[in-house]
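A.B. asks: The structure is given below, and queries will be raised subsequently.
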Amino acid sequence: DEACLSRKENTMHDYVVFDVETPNRANDRMSAIGITIIRNGRIADDYYTLVDPETHFDCFNTKLTGISAESVRNSPAFPEVWREIAPIMESGTLVAHNAVFDLSVLRSCLRDYGIAWRRTTDYLCTVQMGRRLLPGMKHGLDVLCDYYGIALEHHQAASDSRACAEILLRYIASGADILSSVRKFQLAI
């Protein structure tokens, strides 16, 4: 059966699902990152940390995420976080909900701190997949979580990455050919 074969191929692949929160409208630094790792078709691990963005916070972002300058006062800056998460980020295909946003923030952080990583990276976007797999509905993270009955504390990086991973697993379980949705994102400009 083609759906079973596709599901098997998809579950043999490792996915690194991540979500970032940002401190201000520039969206070029992160104030938190959540990562959920999928191995062998199951959630295998989670990672979360606040990040000192070393820049100002807009009231809007603080209200949205609950993260303020005070919240991150004793948190590591991006270079220290990157040393810890780089091996995780390299362990599978990157996935995010509205992935271009999260990848753009990651690219800005890498560039601004002079950290060389990859020129390009493979990624999946659960918004783009959802538009193809569930046409005719909205594809906000909260809407999809309601649709699938997934718990969500929206705009909390750990919860958002976990929810995105759960959505990806639902897509895989439906027999969708996930690997045909892999795209390339240019990290080095």
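The values are calculated or read from the model by the stated rules, or taken from the named source; none is laboratory data. All figures in this text were calculated on a predicted structure; none of them were measured in a lab. Cβ placement follows ideal geometry from the backbone for every residue including glycine, while neighbour counts extend to all protein chains displayed. These accessible areas exclude ligands, DNA and RNA; they are computed on the full protein's heavy atoms, side chains included. Shrake-Rupley method; radii C 1.70, N 1.55, O 1.52, S 1.80 Å.
A.B. asks: Which one is most open to solvent (accessible area, probe 1.4 Å), of the residues in region 69-106 that are farther than 28 Å from Leu144 by Cα and polar (S, T, N, Q)?
C.D. replies: Looking at the filtered set, the residue picked out is Asn74.
Condition check ((1) within 21 Å of His154 (Cβ to Cβ); (2) out of contact with any Phe, Trp or Tyr (no Cβ under 8 Å at 6 or more places or on another chain)) across all residues:
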| position | (1), (2) |
| --- | --- |
| Arg25 | yes, no |
| Met30 | yes, no |
| Asp45 | no, yes |
| Phe57 | yes, yes |
| Asn74 | no, yes |
| Phe78 | no, no |
| Ser91 | no, yes |
| Val95 | yes, no |
| Asn98 | yes, yes |
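A.B. asks: Continuing with this model, one more query. Identify the single condition in (1) part of a helix (DSSP H, G or I); (2) crowded, with 16+ Cβ neighbours inside 10 Å that Asp146 does not satisfy, given that it satisfies every other one.
C.D. replies: Result: Asp146 passes all but (2).
A.B. asks: Return yes when Asp160 is open to solvent by 60 Å² or more (accessible area, probe 1.4 Å) and part of a helix (DSSP H, G or I) and no when it is not. So that I can check it myself, show each step before the final result.
C.D. replies: Numbers: open to solvent by 60 Å² or more (accessible area, probe 1.4 Å): no; part of a helix (DSSP H, G or I): yes.
Criteria not met by Asp160.
A.B. asks: So Ile115 clears everything in (1) surrounded by fewer than 19 Cβ atoms within 10 Å (Cβ to Cβ); (2) touching a residue at least 60 places away in the same chain (Cβ under 8 Å); (3) of a type in the set (A, V, I, L, M) except one condition, right? Which one?
C.D. replies: Of the numbered conditions (1) surrounded by fewer than 19 Cβ atoms within 10 Å (Cβ to Cβ); (2) touching a residue at least 60 places away in the same chain (Cβ under 8 Å); (3) of a type in the set (A, V, I, L, M), the odd one out for Ile115 is (2).
A.B. asks: Among the residues of region 120-139, is there at least one that is open to solvent by less than 30 Å² (accessible area, probe 1.4 Å), in contact with a strand residue (DSSP E or B) (Cβ under 8 Å, 6 or more places away or on another chain), at pLDDT 95 or above and under 14 Å from Met30 (Cβ atoms)?
C.D. replies: No: region 120-139 contains no residue that is open to solvent by less than 30 Å² (accessible area, probe 1.4 Å), in contact with a strand residue (DSSP E or B) (Cβ under 8 Å, 6 or more places away or on another chain), at pLDDT 95 or above and under 14 Å from Met30 (Cβ atoms).
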